[in-house]
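Coordinate-derived values only; no laboratory data. Fair warning: this is a prediction, and the values are worked out from it, not measured in the lab. Quick reminder, even Gly has a Cβ in these numbers, built from the backbone with ideal geometry, and neighbours come from all protein chains shown.
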Amino acid sequence: MSFFVIIISIVILQRLTELVISKRNEKWLLANGAVEYGGSHYKYIVLLHTAFFLSMIFEYYSTTGEYKYNVINYLFLVFFILLQTARISVLLTLGKYWNTKIYRIHGTSLVSGGLYKYFKHPNYIIVICEIFTIPMIFDLYYTAVIFSILNAVMLYVRIKEENKILIN
């Protein structure tokens with residue numbers, strides 16, 4: 001099994017686990033009076049992330065030559081591992097409030113611990129870095145650039161929507 005398959009499998013498994021956590025948290029949030037916002041763009045986020053993984057797989061296996069199967073950029077790999085530490089920190093800081101959708105329980109204070117002391121949207125900073133970093137571990141330049149641009153557009157819409165409710 002190649003290192004590419006191992007890394008991609010780990011990240012996909014991580015994302016699927018996060019969806020399970022998100023669904024569990026969604027039930028808790030709704031039971032505690034949360035309201036969902038920006039639901040109309042959520043399907044596009046799911047589509048973007050699915051296409052991201054498919055693009056990496058396609059680009060990796062469409063590159064010819066033995067060279068490609070032996071390339072690992074260790075600088076990006078180390079950065080990716082650091083990003084995972086930050087990702088776990090965000091999930092732990094938000095606890096039951098963490099979700100892949102936008103929910104708000106009116107009357108509750110915004111989380112201000114962990115990385116939220118320093119950044120308004122640390123999870124999005126992490127995602128921006130991951131979308132570029134994961135493909136770059138394997139020199140998948142097209143996926144890194146194209147999906148960084150697509151992700152920026154998607155996050156523009158999402159953060160704009162999220163900021164509306166964070167102010168209130």
Around residue 102, which amide H atoms from residues at least 5 apart in sequence, or from another chain, sit under 5 Å from its own amide H, with H modelled in the peptide plane? 37
Between the residues 42, 78, 16, the Cα farthest towards the positive end of the dipole of the chain, that dipole coming from +1 and -1 charges on the beta-carbon of Lys, Arg, Asp and Glu, is from 42
Farthest toward positive dipole pole in the stretch 3-167 [+1 Lys/Arg, -1 Asp/Glu at C-beta], among 126, 29, 113: 29
Using a 7 Å offset from Cα along Cα-Cβ at residue 47, what residues in the stretch 83-108 end up with backbone N under 18 Å from the label point? 101
Helix 122-137 against the longest principal axis of the chain: what's the angle in degrees, Cα atoms only, rounded to the nearest 10? 10
About its Cα centre, what dipole magnitude does the chain give when the only charges are +1 on Lys and Arg Cβ and -1 on Asp and Glu Cβ, stated in debye to the nearest 20? 660
Given charges of +1 on the Cβ of Lys and Arg and -1 on the Cβ of Asp and Glu, with all other atoms neutral, how large is the dipole of the stretch 82-165 about its Cα centre, in debye to the nearest 20? 420
Working out 0.36 nm times the residue gap between residue 81 and residue 111, then minus their Cα-Cα distance, what length gain in nm do you get to one decimal? 8.3 nm
Tell me the label-point distance for the pair residue 37, residue 165, using the 7 Å Cα-to-Cβ offset, in nm and rounded to one decimal. 0.6
Give the share of C-alpha pairs in each 10 angstrom bin for the chain, from 0 to the last occupied bin, in whole percents, shortest bins first. 9, 36, 35, 15, 5, 1
Just need the relative contact order of the chain here, percent rounded to a whole number, with Cα pairs under 8 Å and 6+ apart. 35
